[in-house]
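One structure is given here, and the rest of the page talks about it.
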């Protein structure tokens, strides 16, 4: 379970095998553990060649999580929670 703060930043608060129960400000997210590491299924972000410097200071990843706990990485954000817009 992740608990979100006022900036919608999630912090891992506990592991459980079911999607419920949930407390206020909690999000159930599926995970797997390999070699004592937790994976949420959103560990990779692919970007166009030549765009590495744009993303090098990313501090946060944006995840969409559905009601089944499946997550999708939708973007990267800087230390001020601003979406890093790719160059066009």
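None of the figures in this text is laboratory data; all of them are computed from the coordinates on show. These numbers were taken from a predicted model, which means no experiment stands behind them. No Cβ is skipped: glycine too gets one built from the backbone with ideal geometry, and neighbour counts run over all protein chains shown.
Pick the calculated Cα Rg over 2.2 N^0.38 Å for this structure from [x] 1.20; [y] 1.13; [z] 2.41?
[x]
Using a Förster radius of 22 Å, what is the FRET efficiency between residue 80 and residue 53 based on their Cβ-Cβ separation? Nearest 0.05, please.
The value I calculate is 0.80.
Is it possible to state the helix-based mean residue ellipticity at 222 nm for the chain, with each DSSP H run of 4+ residues giving -39500 (n - 2.57), the sum divided by total residues, to the nearest 500 deg cm²/dmol? What is it?
Numbers: 1 runs with 4 residues, N = 88.
Using -39500 (n - 2.57) per qualifying helix, the result is -500 deg cm²/dmol.
Roughly speaking, what is the stretch gain from residue 12 to residue 36, that is 0.36 nm per residue apart minus the C-alpha to C-alpha distance, in nm to one decimal?
7.1 nm
How far apart, in nanometres, would the label points at residue 27 and residue 64 be if each is projected 7 angstrom from Cα along the Cα-to-Cβ direction?
If labels sit at residue 27 and residue 64, their model points lie 1.2 nm apart.
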